[in-house]
Every structure is written in C-alpha cells, then in structure tokens.
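Participant: Below is one structure. I have some questions about it.
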Amino acid sequence: MDPRSRRRNEFLTFLVLAFGIWPLLAVAVVGGYGFLVWMFQIVFGPPGPPGH
C-alpha cells in the first residue's frame, strides 16, 4: 500500500470516528445515564428529605 493511499485511509477513518461514532456514543452514554436516574427515581422517589 503506498503512503498516499494509507494517509487517505487514515484520514477517512478519523473523520468517521470524530464526526460519526464518537458523537453517537456520547449521546448514548448521556441518554443512558439519564434513563437510569429516571428509573431510579420512579422506584425510590425523588431526592430530598423524607415525608415531603
């Protein structure tokens, strides 16, 4: 594989990771965390002093 083709391949891989996979993964992690907090609060109630 010539260096020019390899460089282009690495650049395309970087673009896919930087603007495709990592943003989707970040949204999935934050959304998953929010879902877990929501489910926890449904089961155990919202945070705060008891009796209110």
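Participant: Report, to two decimal places, the Cα Rg of the chain normalised by 2.2 N^0.38 Å (N = number of residues).
Facilitator: Against the empirical 2.2 N^0.38 Å value, I get 2.16 for the chain.
Participant: What's the carbon and sulfur percent of the chain's accessible surface, probe 1.4 angstrom, rounded to a whole number? Display every interim value, and only then the final one.
Facilitator: Values: 3700 of 5100 Å².
C and S atoms contribute 73 percent here.
Participant: Further question: Determine the order of Val37, Val30 by accessible area, beginning with the largest, at a probe radius of 1.4 Å.
Facilitator: Values: Val37 55, Val30 105 Å².
Largest to smallest exposure gives the sequence Val30, Val37.
Participant: Another one. Give me the 1.4 Å probe accessible area per residue for the chain, excluding ligands and nucleic acids, in Å². Intermediate results must be reported in sequence, preceding the final value.
Facilitator: Details: 5100 Å² over 52 residues.
Accessible area per residue, the chain: 98 Å².
The values are calculated or read from the model by the stated rules, or taken from the named source; none is laboratory data. If you're wondering where the values come from, they're calculated on a predicted model, not measured in any experiment. Note: accessible area is taken over every heavy atom of the protein model, side chains too, but ligands, DNA and RNA are not part of it. Shrake-Rupley method; radii C 1.70, N 1.55, O 1.52, S 1.80 Å.
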